[in-house]
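Just below is one structure, and these are the notes that go with it.
The values are calculated or read from the model by the stated rules, or taken from the named source; none is laboratory data. In this text the structure is predicted, and so the values were computed from the model without any measurement. Heads up, the Cβs are rebuilt from the backbone with ideal geometry, glycines too, and the neighbour counts pull from every protein chain shown. Ligands, DNA and RNA are excluded from the accessible area calculation, which covers all protein heavy atoms including side chains. Shrake-Rupley method; radii C 1.70, N 1.55, O 1.52, S 1.80 Å.
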Amino acid sequence: MITISGVSHSFGGVHALDGIDLEVGEHEFVAVIGRSGCGKSTLLRLVAGLLSPSAGEILVAGSPVTRPRGDVSVMFQRPALLPWRTVLANVLLPAEVLGLGDQRDRAHELLELAGLGGFEKRLPHELSGGMQQRVSLCRSLIQSPRVMLVDEPFSALDAITRTELSEELQRVQLARPRAVVFVTHSIDEAVLLADRIVVLSPRPGRIHRVVEVDLPRPRALGQVELDEVSRELRGLLATA
Amino acid sequence: MRAALPVLGLLAIIGLWWLATIVFGIEPLLVPSPADVVVSFLELPGYLLEQTLITLWEAVSGFALSIVIGVPLALLIVGSSVLERMFYPLLVALNAVPKVAIAPIVVVWFGFGISSKVLMVVLVCIFPIVISTASGMKSTPGELVELFRSLDATRTHEFFKLRLWHALPQIFVGLKVSITLAVIGAVIGEFVGADAGLGYVITVSGGSADTSLAFAAMALLAVISVALFYLLTWAERKLVPWSEEHRVL
Ligand SMILES: Nc1ncnc2c1ncn2[C@@H]1O[C@H](COP(=O)(O)OP(=O)(O)O)[C@@H](O)[C@H]1O
Ligand SMILES: [Mg+2]
């Protein structure tokens, strides 16, 4: 679904990414992990078409990425909800902007599944951080994306809420698998969710190693089988 | 209780004023007592209310016109850096010119009637509206702009579904500044050349040394300003329920 070949990117003098090659399958969940500043967000922006690479090429569903497209959704670190829109209207925003027609039934369904039934008419400031991020997740699903790009979505949340939301994301992916690129600096989240984990080394960002996570699903945080992979990743990150 | 406090403050000031006129034996010609002012009003209530409505109409229509012109102007300024560079300095210059100095020319051009007053109101109101709208739109958080970019949103979507909404709380700050200026603008226009309105009443009463009538007119001006201001505050609460602004106030 996503083909990244020989992609490098510099901001002026800052060499952020160097020679990235990566394939993401149609139903594959790929986590990208690495220290802050190693170019994870830049990689997502490139795939999203928000930036164009200084070198190399990115294909999504076989066509080169030149600008953002409707079948690719982006979920950000912060919920990025519009404070004047109700929860429901926030979820419907992509449908409006992309001209997808009336998606209200689908929005209600998504909110119900995310445990937000009954909150449709609330404004974002009336919700907790975790609930806001759930709304943001529903919003990124309303357009039925083929590709989901997720940038450290839970890093601003407390540990308990993080766990809940990671499990929520696992449920979403099991219910309807998509191509997902999930940026995180949490090893546990990566191991819980990913089919493959890409470890980036910093300055400039290069692929240090790719780790397959061949464990049955659903997985649960704290499960002993995950520990071995976590340990391996911790070692890799230390040498990255 | 909270609603009663401003009234209490007002009564205290009126009481002190009254006391001062008695204790210091101030000539009613210089400073009339509150009673004199009320008497003045009661002598000509119909006339004074009519003048009040004229000034009110000038202020409100000028204010409305400022919104109708100012908001699109801000959209243009934010939308195009070329237009911004062309017209922003001009706007600042226009605002820097003392409006009192422009007023006589405006009256010469537009006559003694209402249109010269409305134009004066627009001249004082438009700047805060343009500035607050433009700066509100420009201060849209990067993450929200990026969200719209990621949806491949058009400029129209970005402006009307994002930036303008984000600017609304700040627009209201500008509107609240403007609405008090609006009354001042109308009165300046009336001072310079008019045959009606509260500013005209004040000029005339000055000529005939009827200080308490001038005070009555000023009191009516204050009433209009305060009423318009709180009307806007009320509208803001209704229209911008997500704003932090009135949670602080
Ligand atoms: N818009 C930008 N302009 C200049 N430099 C940038 C910009 N965005 C990111 N960078 C630089 O590129 C590098 C990678 O950034 P980023 O992709 O945000 O890292 P990460 O998401 O892994 O923390 C950093 O050194 C950062 O300072
Ligand atoms: Mg980042």
Got at least one residue in segment A:76-90 being more than 16 Å from ligand 2 (Cβ to nearest atom), free of Cβ contacts under 8 Å to residues at least 12 places away in the same chain and either β-branched (Val, Ile, Thr) or touching a Leu at 6+ places or on another chain (Cβ under 6 Å) (or both)? no
Taking segment A:189-224, which residues are surrounded by 18 or more Cβ atoms within 10 Å (Cβ to Cβ) and among the acidic types (Asp, Glu)? A:189, A:195
Restricting to helices (runs of 4 or more DSSP H) lying wholly in segment B:142-249: which have 1 or more residues that are touching a residue at least 60 places away in the same chain (Cβ under 8 Å), within 30 Å of residue A:49 (Cα to Cα) and basic (Lys, Arg)? none
Residue count for segment A:205-234, restricted to those that are of a type in the set (Val, Ile, Thr) and either within 16 Å of ligand 1 (Cβ to nearest atom) or touching a Phe, Trp or Tyr at 6+ places or on another chain (Cβ under 7 Å) (or both): 1
What's the number of the condition residue A:180 fails, among (1) away from ligand 2 (no atom under 16 Å from the Cβ); (2) within 14 Å of chain B (Cβ to nearest Cβ); (3) not in a helix (DSSP H, G or I)? (2)
Looking at the structure I just gave you, is residue A:41 within 13 Å of chain B (Cβ to nearest Cβ) and of a type in the set (S, T, N, Q)? yes
If you go through A:139, A:85, A:78, the only one that is within 12 Å of chain B (Cβ to nearest Cβ), modelled with pLDDT of 95 or more and within 15 Å of the chain's Cα centre (by Cα) is A:139
Which one is surrounded by the fewest Cβ atoms within 10 Å (Cβ to Cβ), of the residues in segment A:91-102 that are touching a Ser or Thr at 6+ places or on another chain (Cβ under 9 Å) and at the interface with chain B (Cβ under 10 Å from one of its Cβ atoms)? A:97
Just one of the numbered conditions (1) touching a Cys at 6+ places or on another chain (Cβ under 9 Å); (2) within 23 Å of residue A:73 (Cα to Cα) is not true of residue A:182; which one? (1)
Scan segment A:140-175 for residues that are farther than 15 Å from residue A:79 by Cβ, within 16 Å of ligand 2 (Cβ to nearest atom) and assigned to a loop (DSSP other than H, G, I, E, B) and report the count. 0
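One line per residue, one yes/no per condition, for (1) in contact with a helix residue (DSSP H, G or I) (Cβ under 6 Å, 6 or more places away or on another chain); (2) open to solvent by less than 20 Å² (accessible area, probe 1.4 Å):
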residue: B:181; (1), (2): yes, no
residue: B:189; (1), (2): yes, yes
residue: B:196; (1), (2): yes, no
residue: B:209; (1), (2): no, no
residue: B:214; (1), (2): yes, yes
residue: B:226; (1), (2): no, no
residue: B:238; (1), (2): no, no
residue: B:241; (1), (2): no, no
